[in-house]
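Asker: Please read through the structure below; I'll follow up with questions.
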Amino acid sequence: MKKSIIMLLIGVLLSGFAMSQDIPDPRIIQAQQLEAEKKFKEAFKLYEKIHKTAPENNTITFKLAGMAHTSKNYKKSNQIL
């Protein structure tokens with residue numbers, strides 16, 4: 001239940017980010033689709049690529065850390081933050 005709520009909140013935050021840009025990064029939309037399909041490893045890898053090109057993007061940083069934490073990879077979560 002907690003995991004679902006966290007993922008929902010993160011999804012809402014990220015979708016707001018994607019809509020706030022003039023032209024959303026298509027990789028964000030693709031990563032969201034992967035998440036919806038429960039392909040979390042693939043989505044995480046794509047978010048990592050996005051983060052490397054835009055490390056100042058706090059929304060992506062938070063998304064990555066949240067996904068790592070949800071998968072119980074606490075060390076990775078702390079490294080991201």
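The values are calculated or read from the model by the stated rules, or taken from the named source; none is laboratory data. What you see is a predicted model, and the numbers here were worked out from it, not measured in a lab. Methodologically, a virtual Cβ is constructed for each residue, glycine included, from the backbone with ideal geometry; neighbour enumeration extends over all protein chains shown.
Asker: Of the conditions (1) at pLDDT 85 or above; (2) touching a Ser or Thr at 6+ places or on another chain (Cβ under 8 Å); (3) assigned to a helix (DSSP H, G or I), Pro55 clears all except one; give me its number.
Answerer: (3)
Asker: To continue, here is another question. Among the numbered criteria (1) small (Gly, Ala, Ser); (2) in contact with a helix residue (DSSP H, G or I) (Cβ under 7 Å, 6 or more places away or on another chain); (3) at pLDDT below 85, which one does Ala43 miss?
Answerer: (3)
Asker: Yes or no: Leu14 modelled with pLDDT under 65 and touching a helix residue (DSSP H, G or I) at 6+ places or on another chain (Cβ under 7 Å)?
Answerer: When the stated conditions are applied, Leu14 passes them.
Asker: Can you run down the residue pairs with Cβ atoms below 6 Å, 6 or more apart or on separate chains, where the first is in the stretch 27-43 and touching a residue at least 12 places away in the same chain (Cβ under 8 Å) and the partner is part of a helix (DSSP H, G or I) and of a type outside the set (Gly, Ala, Ser)?
Answerer: Cβ pairs passing all conditions: Arg27/Leu46; Arg27/Ile50; Ala31/Leu46; Ala31/Tyr47; Leu34/Glu42; Ala43/Leu34; Ala43/Glu35.
Asker: Of everything in the stretch 58-74 that's touching a residue at least 40 places away in the same chain (Cβ under 8 Å) and among the polar types (S, T, N, Q), which residue is farthest from Ile6 (Cα to Cα)?
Answerer: My answer is Thr59.
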